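Worksheet: one structure, shown below.
Readers should treat all values here as calculations from the given coordinates under stated rules, not as data from a laboratory. Just so we're clear, the structure is a prediction, and the values are computed from it rather than from any experiment. So basically every Cβ, Gly included, is an ideal-geometry build from the backbone, and we count neighbours across all protein chains shown.
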Amino acid sequence: MKNLSGILLILLVLGCENETSDLDDILTNPLDENQVTYDVPAFIFNPSQYNADLVNTFSAEVFAMGVENLVGANALIQFDPAKLSLVNVKNGELASGTGGSTPMFFFQDSIPGLVEIVAVYLSSDSVGISGNIKIAELVFSAASAGESELEFLPECEMLDPDDNPIEIMGYANGVVNVQ
């Protein structure tokens with residue numbers, strides 16, 4: 001009995017060790033403005049890297065980061081149509097405002113390898129929203145193996161309630177690795 005309690009005590013002591021050397025990797029948040037390498041306001045993909053296969057679809061979320069008083073977003077995103085196929089575009093949080101039951105959310109994908117997303121925040125008080133805002137979710141399927149980039153084009157726009165442009169200070173493109 002003494003041997004068993006001794007072994008349990010040793011296992012308890014060894015099991016209570018705290019390994020803290022890799023906490024920096026665990027505690028990174030891509031939506032934390034203090035941990036990013038781009039200036040805000042910015043358009044980003046979250047996450048920035050995607051591992052996909054030729055069978056399943058995957059989703060890429062588009063965010064406006066660190067923006068103040070946003071009421072409109074126009075995101076133009078380019079991708080390699082030989083490697084990726086756009087299946088669907090889903091509304092994010094911006095166009096789900098308080099302006100009524102019909103969100104102001106549109107997308108155009110008639111040109112292969114290019115999608116344009118327009119989202120408008122409708123509110124009765126003519127005030128925009130601030131912070132980190134999900135604009136849309138892009139659903140892709142992989143057409144061939146290899147690496148492809150999801151790239152924001154410089155024609156992207158953010159607008160305030162007076163229809164003035166909000167200067168976009170950074171972009172964080174996405175990378176898709178298809179196995």
Original post:
Counting other C-beta atoms within 10 Å, which of ASP53, ASP80, ASP163 has the fewest, and how do the rest follow?
Top reply: ASP163, ASP53, ASP80
Original post:
Mind checking Rg over Rh on region 30-178, alpha carbons, Kirkwood formula for Rh?
Top reply: 0.97
Subject >> Mean separation of Cα contacts under 8 Å, 6 or more apart, over the residue count of region 30-178: relative contact order % >> reply: 38 percent
Original post:
Between SER130 and ASP163, 0.36 nm times their residue separation minus their Cα-Cα distance comes to what?
Top reply: 10.3 nm
Original post:
What is the dipole size for region 30-178, taken about its Cα centre, with +1 at each Lys and Arg Cβ and -1 at each Asp and Glu Cβ, in debye to the nearest 20?
Top reply: 500 debye
Original post:
Toward the positive end of the charge dipole of region 30-178, about the Cα centre and with charges on Cβ (Lys, Arg +1; Asp, Glu -1), which of PHE107, SER96, ALA145 goes farthest?
Top reply: ALA145
Original post:
Between ASP53 and GLU147, what length comes free when the chain is fully extended (0.36 nm per residue of separation minus the Cα-Cα distance, one decimal in nm)?
Top reply: 32.7 nm
Original post:
So for the pair GLN108, GLU137, with labels modelled 7 Å out along Cα→Cβ, what separation do we get in nm?
Top reply: 2.6 nm
